[in-house]
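What follows is a short report on a single structure.
No value in this document is a laboratory result; all are computed from the given coordinates. From a predicted model like this one, the values you see are computed outputs, not experimental measurements. Here Cβ is always computed from backbone atoms with ideal geometry, including for glycine, and neighbour counts include all displayed protein chains.
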Amino acid sequence: MSQPKPLKQPVSVLVVLHDGAGQVLLLERADNAGFWQSVTGSIETGESLSETALREVWEETGIRLRAEDLNDWQESTVYEIYPHWRWRYPEGVTHNTEHIFSAVISKASSITLAEHVSYQWLPVEEAAEKVFSPSNRSAILSLAKH
């Protein structure tokens, strides 16, 4: 009998992967066709935020970044968790704090999808329009400042 997945902590990372020349990597969610996003994921017990960011990039793209490859923006956004995803969190949790990172990767990087069904590189403005999350949109549009 398999163990149930542990509940998520309401602290996550958003990692905007880009090529440093105006192109952003987006991933399409497997559980929600047409929902595009940057790398995201919740912190696990004992992890630092940067460790979470590195793990999520690895899990979602197959790319192994080093800690020095990450740009920690030292910014976060608090948002309301969509009601249809609240079952993943402890009872009564309605908001998540998302910490923002970015990293430059080559467009020639080999992408291995595990949690998503497709990926694409898009110019900043198009990527910002395509993502479903307002905080993801804002981070993509703020790339030039970081």
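A few comments on the model shown:
- Full-extension gain in nm, Tyr119 to Lys145, via 0.36 nm per residue minus C-alpha separation: 6.9 nm
- 24 Å Cα-Cα reach of Lys145 towards lysines, excluding residues that sit fewer than 8 places from it in its own chain: Lys107, Lys130
- Applying 1/(1 + (r/R0)^6) with R0 = 30 Å to the Cβ-Cβ distance of Leu7 and Phe132 gives a FRET efficiency near 0.85.
- Longest DSSP-loop-exposure-free segment, trypsin sites (Lys or Arg not before Pro), the chain, at most 14 other Cβ within 10 Å: 1-63
- Sparse-neighbourhood loop sites, GluC sites (Glu not before Pro) in the stretch 87-146 - DSSP loop, at most 10 other Cβ within 10 angstrom: Glu91
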